[in-house]
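One structure below.
The values are calculated or read from the model by the stated rules, or taken from the named source; none is laboratory data. All values derive from a computational prediction rather than experimental measurement. Every residue, glycine as well, gets a Cβ built from its backbone with ideal geometry; the counts of neighbours run over all protein chains shown. Quick note on the areas: whole protein, heavy atoms, side chains included, nothing else; ligands and nucleic acids left out. Shrake-Rupley method; radii C 1.70, N 1.55, O 1.52, S 1.80 Å.
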Amino acid sequence: ISGSLTISGSLTSGTDIITDELIFYWDAANKRSYPGSGTTINNLVGIKNTATLVNGTAFNTDQKGHFVFDGLNDHIELGDNDIFTFGDGSDDSAFSISAWCYVEDASGYVIADKYSGAYDGEYYFYTSTDDKLYFSLYDTDVGSYGAWSWIVSNATVTSAVQGKWTNLTCTYDGRGGS
């Protein structure tokens, strides 16, 4: 499976970040992570992997620093690294994705994904036009092309996330299968 992991959000500065088994962490307010200019973001834990600001993703110094996305095509790309692969749909590892986001319009907002097309991806964490939070996993063992397994929250997210900083998190327990 190929593709890129795209994260739309940033963690805020804090002193109590748990880093056990954390594979990528950036902090826009930390000069070791992002110096305030340029397109490279440094990983503060684990391997020395970097991320890249893409399509004009901006940096704002308000509230100690955060990244600003235009809602069209701005994103942060981590590349197609095996550390962002958590299994094949039957032999999986548990993982979580968490991002602090300030969302102006929650309809159709990508939080994080490793996805490059309808039949090529691994996971997709987003809000849809129905204003619900989705987390999807791709299983290559289903059919000739594979299939997406959709996990949908029951609550609408528009009023919960729009116009304020919100931590959005999804967790997969690694059970695999259908």
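Conditions: (1) among the β-branched types (Val, Ile, Thr); (2) over 21 Å from Asn81 (Cβ atoms); (3) modelled with pLDDT under 65. Thr129 meets all but one. Number of the miss?
Thr129 satisfies all of (1) among the β-branched types (Val, Ile, Thr); (2) over 21 Å from Asn81 (Cβ atoms); (3) modelled with pLDDT under 65 except (3).
Looking at segment 16-35, I want the residues that are open to solvent by less than 100 Å² (accessible area, probe 1.4 Å) and have a partner that is of a type outside the set (A, V, I, L, M) and not in a loop (DSSP other than H, G, I, E, B) with Cβ atoms under 6 Å, at least 6 apart or on another chain. Which pairs are those?
Partner pairs satisfying both residue conditions: Ala28/His66; Ala28/Phe67; Ala29/Lys64; Ser33/Asp27; Ser33/Asn42.
Return the total of residues in segment 73-102 being over 12 Å from the mean Cα position of the chain (by Cα) and either small (Gly, Ala, Ser) or modelled with pLDDT under 80 (or both).
Qualifying residue count, segment 73-102: 15.
Just checking, how many residues over segment 43-71 are of a type outside the set (D, E, K, R) and either modelled with pLDDT under 80 or outside any loop (DSSP other than H, G, I, E, B) (or both)? Please lay out each step first, then the result.
Residues of segment 43-71 of a type outside the set (D, E, K, R): 43-47, 49-61, 63, 65-69, 71.
Going one step further and asking which of them are either modelled with pLDDT under 80 or outside any loop (DSSP other than H, G, I, E, B) (or both), we end up with 46-47, 50-54, 58-60, 63, 66-68, 71.
Number of matching residues: 15.
Working only within segment 8-32, note down all residues that are within 20 Å of Val103 (Cβ to Cβ) and at pLDDT 80 or above.
Across segment 8-32, the qualifying residues are Trp26, Asp27, Ala28, Ala29.
Tell me, which residue of segment 36-79 that is of a type in the set (Val, Ile, Thr), out of contact with any strand residue (DSSP E or B) (no Cβ under 7 Å at 6 or more places or on another chain) and closer than 24 Å to Asp20 by Cβ is surrounded by the fewest Cβ atoms within 10 Å (Cβ to Cβ)? Walk me through it before giving the result.
As a first pass, look at segment 36-79 and keep what is of a type in the set (Val, Ile, Thr): 39-41, 45, 47, 50, 52, 54, 57, 61, 68, 76.
In the following step, the residues that additionally are out of contact with any strand residue (DSSP E or B) (no Cβ under 7 Å at 6 or more places or on another chain) were identified as 45, 47, 61.
Within this subset, residues satisfying the condition of being closer than 24 Å to Asp20 by Cβ are 45, 47.
Values: Val45: 14, Ile47: 9.
Looking at residues that are of a type in the set (Val, Ile, Thr), out of contact with any strand residue (DSSP E or B) (no Cβ under 7 Å at 6 or more places or on another chain) and closer than 24 Å to Asp20 by Cβ, I get Ile47.
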